[in-house]
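Below: the structure, in structure tokens.
The values are calculated or read from the model by the stated rules, or taken from the named source; none is laboratory data. The structure displayed is predicted, hence computed values, not measured ones. Cβ coordinates were reconstructed from backbone atoms using ideal geometry, including for glycine residues, and neighbour counts include every protein chain displayed. Side chains included, ligands, DNA and RNA excluded: accessible areas come from the protein's heavy atoms. Shrake-Rupley method; radii C 1.70, N 1.55, O 1.52, S 1.80 Å.
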Amino acid sequence: MMRWVSLLSFSVIFCLFFDLPWVQVVPALFIFYLGSGGWKFLRIFAKTIKRDATTARTVLSTRLKIWWYVKHRTTIPKIFQQTVQKYPEKVALIFQGTGETWTFRQLDDYSNQVANFFYEQGFCSGDAVALFMESCNQYVGLWLGLAKIGVEAALLNSNVRQESLVHCIKISHAKAVIFGSELAEALREIQPCLEKSIRLFCSGNRQATNSLLGVEDLDSLVEKAQRQPPNPPDKGFLDKLFYIYTSGTTGLPKAAIIVHSRYFRMATLVYGGFRMTPDDVVYDSLPLYHAAGNIVGVGQCLLHGMTVVIRRKFSASHFWDDCVKYNCTIVQYIGEICRYLLNQPSKEVERQHRVRMALGNGLRASIWKEFSERFAIPQIAEFYGSTECNCSVGNFDNKLGACGFNSRILPHIYPIKLVQVNEDTMELIRGPDGLCLRCKPGEPGQLVGRIVQSDPLQRFDGYLNHEANNKKIARDVFTKGDSAYLSGDVLVMDELGYLYFRDRTGDTFRWKGENVSTTEVEGTLSRLLNMADVVVYGVAVPGTEGKAGMAAVVDKEHACNLESFAAEMKKSLPAYARPVFLRLLKEVHQTSTFKFQKVDLRKEGYDPTVVKDKLFYLDPRECRGGAELLFDGVRKHQVNLPGQSEPWNLRHLLMWIKENLLKERPELFVQGESVRPGILVLINDADWELMGNLEYQLQDQDHVVFISTLHGG
């Protein structure tokens, strides 16, 4: 931008003050421009102008529609009514579980019945009702019907239980809970904790609620209600539509506020940016209590007239059969779904579908090409953006590995930026003026979005818990006095403006002076282990700088060959990226959006007194696997120390440590003359040399000791 300003200034000076003709000024300035590095800009311009112009058209169209809807106080139910008028008899929703098909008219009628029933029961605009059920057609009709009378649905995660479930209901101030009969037991557990005034409505098998007191049969009550449209509430496009609970891995869930304009923006930018059409059929196996399933997926039905196939829960083995059966053209994914599909045995049906686009976020670059080629899907529509953020981006031109882009030609049009952070603490790095430092291409940084509450595309609606809002907002980011949303994610932008997801906060760690990306290591190890579930995280080791890598691998069949695994890992990963510790377990807990939960794994670390799974330590000198830290039963092992003719047992070793090492490094000595069972003694290179490079495995009937260097020779 400054280069253009300089050129314009020079043009005025040369023409007005030196009275030079334009035919001389323009070529001279062009040569100056190229000489000052402008050729890079021209190359970027040539390569990205089509992408940027197409996206600008989509963003401008969306912005104009939002302006119009804000001005006329439109709501999502009103826009849906326009869709019904266009496609009254077209199939809107198909529920895979029962084959139940609803046309747009039927969905409209059902939602009207829901609206009229709850209005007759005294519910009014501004009230909240919690919705606790698994995905189905009725789920959509229920929250849509509530929205028609201004009642805000709190979309509860169907996997939460007990304390978390009570918390979610209470923070929404729900006056009623609608639950599916499949979740009756979960509600029975918390019923004594709920306010007596909260009404309970069950949808589904009424017999499942026999043990619950005061439950009303919602299906029969709604069936008796009138089908005419209810009186619209006094709400506009910037008012609340419903709440979605963030699926964080720590603490209790937070209720993110979704206003009508946010719902429209998220669904419409995806629709226009990825060039969808009303004739597309979306396969939605994602939970409808999250934005990806309910807004990005179902939103295409309500706003744009597309048919959406709903599956109660994702199934890798039935995925392609469903796509063929329902003639789906777009499939949704999130988290690890793509890898689960790759892990399935090949079969003919996986290439007999009509799918032209895979839509979602979280597809690892390591399997991107393999997924696209194996299943013959020409377009990967990857996008980035959390439920509540104001800085969503999309990979609209199918760039391999990218989650989106920001224009390099006009970077200020969409005010999102990557700013420098301390990747260990995620603290923003600021310059002498107190403002954040912007990242250059190739530099990792946290994605932030300028907050402008008067602009529906840049506003931050936040959470019901206002204290949580403060943690997501930074001040004085771009200019003094401004505010910006903190995504908590580290991305990298290349020279053309493409953004690549690096890692979520806490998922990068530094080891041996290098930054280790857990996402990349997880992808590599998973391939080596035939697409097994792998979680990689950093663990602190006393006396060392940074964090050592640790991998938790699902090995249900005890089929992991440590020797070959270590050998292949040595070929595939640099030394600093190889996990030092290995944990074999039966399963890894996930969030409801198929993201691994690392917090507990990271806390437990490699402590054998806490971890009951098998633990292994990788010998970095030879990249050998198999130094088992936790033994079943007692086995005797002895090692020969250099220069000794007889094997040394544990007591000899402890005495040797005391005599040779304690004087110089007393902090390394462990609890007098004994070591508690299961302890791992790790020392640095200098101390390793003092000890004569001992082997690392030693055990007697009472103690287990391992001594090694983390850095190796």
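Label-to-label distance, Phe41 versus Leu437, with points set 7 angstrom from Cα along the beta-carbon direction: 2.5 nm. Here Ile49 sits with roughly 70 square angstrom of accessible surface, probe radius 1.4 Å. Shape summary of the stretch 34-181, radius of gyration then Dmax from alpha carbon positions: 22.1, 74 Å. The convex hull built on the alpha-carbon positions of the stretch 176-251 has an orientation-averaged projected area of 8.0 nm². With a simple spin-label model that places each label point 7 Å from the Cα along the Cα-to-Cβ direction, the separation between Glu348 and Ala56 comes to 5.1 nm.
Label reach from Arg356 (point 7 Å along Cα→C-beta): in the stretch 398-413, amide nitrogens under 16 Å belong to 398. Can you give me the % of accessible surface on the stretch 118-246 that is carbon or sulfur? Probe 1.4 Å, all protein chains present, nothing else counted. Answer for the stretch 118-246 is 46 percent, counting heavy atoms of protein chains only.
Over the stretch 203-282, what is the relative contact order in whole percent, taking alpha-carbon pairs under 8 Å and six or more residues apart?
Across the stretch 203-282, relative contact order equals 19 percent.
Once all protein chains are placed together, Thr54 keeps about 40 Å² accessible to a 1.4 angstrom probe. Note on Lys196 and Cys124: with the Förster distance fixed at 25 Å, the Cβ-Cβ geometry gives a FRET efficiency of about 0.75.
For the stretch 132-195, rounded, prolate or oblate, judged on the Cα gyration tensor with a ≥ b ≥ c (square roots of eigenvalues), a/c < 1.5 rounded, else prolate if a/b > b/c? List each step's numbers first, then the result.
Details: a/c = 2.22, a/b = 1.37, b/c = 1.62.
Since a/c reaches 1.5 but b/c is at least a/b, the shape of the stretch 132-195 is classed as oblate.
Multiplying the residue separation of Ser211 and Gln85 by 0.36 nm and removing their Cα-Cα distance gives an extension gain of 41.0 nm. Taking a ≥ b ≥ c as the square roots of the eigenvalues of the Cα gyration tensor, an a/c ratio of 1.5 or more together with a/b no larger than b/c marks the stretch 232-287 as oblate. The Cα trace of the stretch 459-504 gives Rg and Dmax of 13.4, 39 Å, the first to one decimal, the second as a whole number. Rolling a 1.4 Å probe across all protein chains gives Asp234 an accessible area of roughly 130 Å².
Once each part is reduced to its C-alpha centroid, what is the distance from the stretch 421-485 to the stretch 192-231 in angstrom? The stretch 421-485 and the stretch 192-231 have Cα centres spaced 44 Å from each other. Filter Lys556/Lys603; Lys369/Lys603; Lys90/Lys224; Lys254/Lys598 down to the pairs with a C-alpha to C-alpha distance above 27 Å, please. Check vs 27 Å cut-off fails for Lys369/Lys603. Take the Cα of Val452, step 7 Å toward its Cβ, do the same at His173, and the gap between the two points is 3.1 nm.
Rolling a 1.4 Å probe across the protein heavy atoms gives the stretch 244-358 an accessible surface of 29 Å² per residue.
If I take R0 = 25 Å and measure r between the Cβ atoms of Arg475 and Val599 in this structure, what FRET efficiency does the formula 1/(1 + (r/R0)^6) give, to the nearest 0.05? Provide the component values of the computation, followed by the final result.
Values: r = 28 Å, r/R0 = 1.13.
Step by step, r from the Cβ atoms, then E = 0.35.
In summary, the convex hull built on the alpha carbon positions of the stretch 180-302 has an orientation-averaged projected area of 11.2 nm². Remark: the Glu223-Asp279 segment gains 17.1 nm on full extension, using 0.36 nm per residue and subtracting the alpha carbon distance.
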